[in-house]
Amino acid sequence: MESITMIGSPKNAHETFLPNGTNGIKEDKTTVGILGSGDFAKSLTIRLIRCGYHVVIGSREPKCAADFFPHVVDVTHHEDAILKASIIFVAIHREHYSSLWDLKHLLAGKILVDVSNNMRVDQYPESNAEYLSSLFPDCYVVKGFNVVSAWALQLGPKDASSQVYICSNNVQARHHVIELARQMNFIPIDMGTLSSSREIENLPLRLFTPWKGPVVIAISLATFFFIYSFVRDIIHPYFKNQQSDFYKIPIEIVNKTLPVVAITLLSLVYLAGLLAAAHQLYYGTKYRRFPPWLENWLQCRKQLGLLSFFFAVVHVVYSMCLPMRRSERYSYLNAAYQQVRWQCQSSAPT
């Protein structure tokens, strides 16, 4: 952003008039260090450069890593990167934290931002940030930016989630990283002390949590009604009349299952509200807490409704494809032939 320097400004500070009508102090670029040269480190570097920061990359092989970063980035060894920056992003896996042990004296007093995640929920007894803090007690470890993907960093927060959860035992270090997140156009959320890092690290692993119950219910209903239709329309005629209707399984049987599942899921959406109303009428107050099972049911109504709509749409598609089957056209012609043969106004059996 270009600015116009005001006349009479002091020599030790460059007071500026910004285009948005505010006054500010033009400061030198802040240097941010990143230890690691993976995809997240590359995306984080691009985001920091766009926000006006100077980035220095610490890599074990700086010559090879330099080809993957912009030319304005200083790619060097870990030692040089640590010396040049006061805020350092640790963009390496947990199992490689010990590789920084020899640089412990250089990291003393630095702000280390841990951006790592685990493969499973509660994979280790302590969080990655707490483990990093135990290895380097003289550093100010901050947990943050682990819920932001490398893709989101490149596109910017407007095209992805803009919330960043940050926690640390040191208040000043936490505020520094919070301000850094604001400068990167993210919305920082202060989660308090480093003990919250365990919860923050589990957040990316809880994908589609509200959908698990409704999806299980939908699959269970679809399986039950499919088996019922299969036994009723395929197995029973086969053993009773030696009639082979197995060709009906891909279309007819599935198409009979879809609408039943859709209407059942839709009924579950409204049934939860009726039970909640009955609960309030029974106890004579709306301030009494619902039972846990009913509360979870009420929270899943949106997912149940969307799944019901999905099954209904698939039913429409199947119904449109049904007349294209040769067996279905044959049944229509056979019904018309029977109607003409018996001189009936309706082909339905009487």
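For this structure, a couple of remarks:
- Qualifying positions in segment 199-227 - crowded, with 18+ Cβ neighbours inside 10 Å and closer than 18 Å to VAL148 by Cβ: ILE200, GLU201
- Within segment 59-98, considering residues that are hydroxyl-bearing (Ser, Thr, Tyr) and outside any helix (DSSP H, G or I), the one nearest to HIS175 (Cα to Cα): SER86
- Within segment 311-350, considering residues that are more than 15 Å from GLU252 (Cβ to Cβ) and of a type in the set (Phe, Trp, Tyr), the one modelled with the highest pLDDT: PHE311
Residues checked against (1) closer than 24 Å to LEU153 by Cβ; (2) at pLDDT 90 or above:
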{"residue": "PRO10", "(1), (2)": "no, no"}
{"residue": "PHE17", "(1), (2)": "no, no"}
{"residue": "ILE34", "(1), (2)": "yes, yes"}
{"residue": "ALA41", "(1), (2)": "yes, yes"}
{"residue": "ILE49", "(1), (2)": "yes, yes"}
{"residue": "PRO70", "(1), (2)": "yes, no"}
{"residue": "VAL73", "(1), (2)": "yes, yes"}
{"residue": "SER86", "(1), (2)": "yes, yes"}
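- Index of the failed condition, LEU205 passing every other in (1) over 30 Å from VAL142 (Cα atoms); (2) aliphatic (A, V, I, L, M); (3) in contact with a Lys or Arg (Cβ under 8 Å, 6 or more places away or on another chain): (1)
- Number of positions in segment 46-66 that are of a type in the set (Ser, Thr, Tyr) and under 22 Å from SER99 (Cα atoms): 1
- Scanning segment 100-123 for residues that are part of a helix (DSSP H, G or I) and either in contact with a His (Cβ under 7 Å, 6 or more places away or on another chain) or surrounded by 13 or more Cβ atoms within 10 Å (Cβ to Cβ) (or both) yields LEU100, LEU103, LYS104, LEU106, LEU107.
- Odd one out for GLU61 among (1) within 32 Å of the chain's Cα centre (by Cα); (2) over 13 Å from ILE34 (Cα atoms): (1)
- Here is the figure for segment 124-141: residues that are over 20 Å from ILE87 (Cβ atoms), part of a loop (DSSP other than H, G, I, E, B) and without any contact (Cβ under 8 Å) to a residue 40 or more places away in the chain total 2.
- Selection within segment 160-216 - part of a loop (DSSP other than H, G, I, E, B) and either modelled with pLDDT under 90 or not aliphatic (A, V, I, L, M) (or both): ALA160, SER161, SER162, ASN169, ASN170, ASN185, PHE186, GLY192, THR193, ARG206, LEU207, PHE208
- Test: residue in segment 275-286 that is within 30 Å of ILE249 (Cβ to Cβ), of a type in the set (Gly, Ala, Ser), touching a residue at least 12 places away in the same chain (Cβ under 8 Å) and in a helix (DSSP H, G or I): no
The values are calculated or read from the model by the stated rules, or taken from the named source; none is laboratory data. Model, not experiment: these values are computed from the prediction. All Cβ positions, even for glycine, are placed from backbone atoms using ideal geometry, and neighbour counts span all protein chains on display.
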